[in-house]
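See structure below.
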Amino acid sequence: MRKILPFLFLLLSLNINAQSPQKLSASEIYEKIEKLNFLGSVLYLAAHPDDENTRLISYFSNQKHARTAYLSLTRGDGGQNLIGPEIREQLGLIRTQELLAARRIDGGQQYFSRANDFGYSKNPDETLKTWNKDEVLSDVVWVIRNFKPDVIINRFDHRTPGTTHGHHTSSAILSVEAFDITKDKSIYPDQLEYTSTWQPERMFFNTSSWFFSNQQAFREATKDEKYLTFDTGVYFPLKGLSNPEIASLSRSQHQSQGFGSTGSRGSEMEYLELVKGSQPASREDVFSGINTSWTRVEGGAKIGEILGDVQQNFDFTNPSSSLPQLLEAYSLIQKLEDEYWKSIKSEEIKSIIEACAGLYLEAVSNSEFVSPGDHIRLNLEAINRSNAEVELKSIALNPQNRIEEIATVLRDNEDWQKSFEYKVPDDASYTSPYWLNKEGTVGMYRVDNRKLIGKPETPHTSSVTFKISINGTYIPFEKEIVYKYNDNVTGENYENFEIIPPVSVGFLDDVILFPNQESKNIRIKVTAEKDNTKGTLKLNLPSGWQISPKAEAVDLPQKGSSITYTFKITPPSAQSEIWVNPEFETSEKTYQDEVITIEYPHIPTQTLVVPSKLKLAKIDIQKKGENIGYIAGAGDVVPESLRQIGYNVSVLNPASVTAESLAKYDAVVTGVRAYNVLEELRYKNDELLKYVENGGTLVAQYNKDRGITVSQIGPFPFKLSYDRVTEEDAEVNFVAPDSPVLNSPNKITKTDFEGWVQERGLYFPHTWDENYSTVLSMHDKNEASTEGSLLVAKYGKGHYVYTGLSFFRQFPAGVAGSYRLFANLLSLGK
């Protein structure tokens, strides 16, 4: 009998920093052995971060011990951000890391396609028109051929287009199509240089009551034999958690979407409908009839016997007692002809051997940020905490593959440390998100390197390989180079080792608007990423735009130091919109990239290198009033944007809002989803409406009906809905052409709706009180017109406006017409 401790404590930290070295407890080692003895894979597939069923992913990974992965076709770039101002690509980066944090908790792996989440889509035809269908399908095939799942599970139903987000249905349509072609060598033959064809055994649709008209219809349907039904509410004694509790911890990582979840206990049934392939003999096991033992591979029977004995007799008080058998199994795995399972199981058993021997191997840089060609110091550490005969034979510094012979015996609990000089290759690529390195399209990211497609992150190539002999068996252990520091409060901290340009050149604004002929200052921050950074900073502008000075000499003696330079820009007299890039010229090269850091406590710090650019727009705009009060919601750049066109904007504390305190403002604006995220508005909305009644102008931006904090937002009732216009170029008609909203102080025409990005608007009211007047009518292709995008009401002496138009997307993009229209809203009653 295996020895089990009377009390086991799981998971010292469920959300451990991704860069931290893995330190497995005895119970975690045992769980890895269980997974080592299961040769089966399941792939869950959907469209976005948060679409995945974390209960199923955790169940297959932790209960069935299967290799489990989630393929999200997009990175969620088109959504909203509830924790900060990042949108589009930077939001996609945050959501990528949230998915990886979720997978670290539920035990799954993560994949993506090159599809760009361009925003809400109402049907798959629209989605697949904007995406490059063939490229996304090839990515799905690529992931299947590489991951080689026995089972694929779709989150959505491919047979019901138009009933949900077009991205959702498209994910299922592409999955079903891929199932039939992954085995065909003539389809995407270029992939076969790096992988091999594959045929999954079966595909399911993960149905639920959501997809039925009512619970009774759902219960009746799932009685059918074609549905697999099984309980995922299992309890894991080694973890001290139920599967739903793990799933909720995983889902709670989607913080940018506000998906914090409370764990549950007890039965949780899941339902799978067979879509493709063979029907399992058991209605409770997706792997029924599939060989998931070591006998699956030629030469695996003996390995299975050895590892079965390791699992049966595992000693929780002395994991190192399993080392002789684990080493024997490792050697046999190296002889397997099945390269797929050889590769997978080699990495799995190496991590188990490392943990059983109490090996701690680490490579730490003395600098977090380096540039190509830099020399740094690497501090290496190796320790064996077992009675096994362990010798550190050599180390290899990668990618230059520089070998250092060590030949040091690692005696039990005797620490070995040594420092080496490490040169970053002159041609080293920046460790920036690979899918952002080149300009893509609205629907697709551009990735030219086939090997990168599907990966969640840019692989870090800077590493150290420790070649270790354990009881005479040679095993290489590769460790990424990391940066480690001590904080007086939080203690030991790890960060990624990042390769970035030697200088960062970034504008402090994304858009500068010129509402008149007055000059404005633009600011460019130059940061030295290495000592003695010298060069010339300049900005080239087209004819009609004037700049002063023409250039600035830059001398930054210390790494990390920065200076912000100011250039005075005078616009042309005519309306004009241009993009400009800074140039930092050195004796060797010209740099135009900015290094951006994104920091949130629930994800590792993210560093991206992007071309620095600034939009300059001379626009024809008038305004009335000067002082604006702003109540922040879920995150937008409205205050900064309104300041651009000459308003004085005060960000208000909603808790201190009274009608009297608001009287000094010409208008008050509530941020996007303010009534969803601010509990204070439950008590302060009456004060806002009293301000309107007394003569003020209130502009409320969009909210979602679900989770709203007040029973009625406006002075008169209206009902929020899911109505939206997703086509950013949808025709806009004026239903009230004489309305002040369209005439004062700016004459709004249809040209003001040109150049909008991602969408017209979202979550429009569907019904409203007769006291509201409508101004605009718009609709997506083949749909009825909606007039709920902009409601205006006279209330008392003032004006109330509710709008679902996506100003929060248009302002950062510098869409001139959106500024002109918003200025008219703020000017009502003036």
Computed [θ] at 222 nm, helices only, for the chain once each DSSP H run of length n ≥ 4 contributes -39500 (n - 2.57): -6000 deg cm²/dmol
Additional length obtainable on full extension of the chain from TYR485 to HIS602, 0.36 nm per residue less Cα span: 40.3 nm
Full-extension gain in nm, SER213 to GLU381, via 0.36 nm per residue minus C-alpha separation: 54.4 nm
Coarse-grained scattering of the chain at q = 0.11 Å⁻¹, given as base-10 log I(q)/I(0) from a Debye sum over alpha-carbon atoms: -1.38
Loop-resident sites, segment 727-765, for GluC sites (Glu not before Pro), counting at most 15 other Cβ within 10 Å (DSSP): GLU731, GLU754
Segments 274-286, 97-109 sorted - mean Cβ within 10 Å per residue, highest first: 97-109, 274-286
Using alpha-carbon coordinates, inclination of helix 88-106 to the longest axis of the chain, degrees: 30 degrees
Among HIS460, PHE584, ALA663 the positive-end extreme of the charge dipole of the chain (Cβ point charges): ALA663
Helix 166-179 axis, angle to the chain major axis (alpha carbon atoms, nearest 10°): 30 degrees
Loop GluC sites (Glu not before Pro), segment 380-472, which have at most 12 other Cβ atoms in a 10 Å radius of their Cβ (DSSP): GLU414, GLU439
Entries of LYS32/LYS342; LYS183/LYS451; LYS129/LYS781; LYS148/LYS467; LYS550/LYS613; LYS520/LYS613 with Cα pairs more than 21 Å apart: LYS148/LYS467
Helix 323-333 axis, angle to the chain major axis (alpha carbon atoms, nearest 10°): 80 degrees
Cross-link reach list, aspartates and glutamates versus LYS438, counting only Cα pairs under 15 Å and skipping chain neighbours closer than eight places: GLU89, ASP448, ASP593, GLU594
Check: the chain dipole with +1 on Lys, Arg Cβ and -1 on Asp, Glu Cβ, in debye: 780 debye
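Which links in LYS750/LYS794; LYS345/LYS484; LYS185/LYS393 stretch past 32 Å when you go from one Cα to the other?
Violating the 32 Å limit, Cα to Cα: LYS185/LYS393.
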Gain in span if fully extended, GLU305 to LEU452, counting 0.36 nm per residue against the direct Cα distance: 49.3 nm
Simple spin-label estimate for TRP198 and ALA281 in nanometres, 7 Å along Cα-Cβ: 2.5 nm
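How would you classify segment 503-618 from its alpha-carbon gyration tensor, with a ≥ b ≥ c the square roots of the eigenvalues: rounded for a/c under 1.5, else prolate if a/b is greater than b/c, otherwise oblate? Spell out each step's value before the answer.
On the way: a/c = 2.43, a/b = 1.44, b/c = 1.68.
Here segment 503-618 falls in the oblate category.
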Under 10 Å, Cβ to Cβ, from ASP106 - net charge with Lys/Arg +1 and Asp/Glu -1: +3
Sparsely packed trypsin sites (Lys or Arg not before Pro) within segment 661-744, loop by DSSP, other Cβ within 10 Å at most 11: LYS664, ARG706
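Given a Förster distance of 35 angstrom, what is the FRET efficiency for ASN694 paired with GLU770, based on the Cβ-Cβ distance and rounded to 0.05?
Once rounded, the FRET efficiency stands at 0.90.
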Listed peptides 112-122, 212-222 by packing density, highest first (mean Cβ within 10 Å): 112-122, 212-222
Burial ranking of peptide ranges 819-826, 782-789, 396-403 (average Cβ count within 10 Å, highest at the top): 819-826, 782-789, 396-403
Theoretical FRET efficiency, 1/(1+(r/R0)^6), r = Cβ-Cβ of ASN291 and SER321, R0 41 Å, to 0.05: 0.85
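We did not get these values from a lab; they are worked out from the coordinates using the rules stated. Treat the numbers as computed from the prediction; the structure is a model and nothing was measured. A quick note on method: Cβ atoms are made from the backbone with ideal geometry, for glycine too, and the neighbour counts reach across all protein chains shown.
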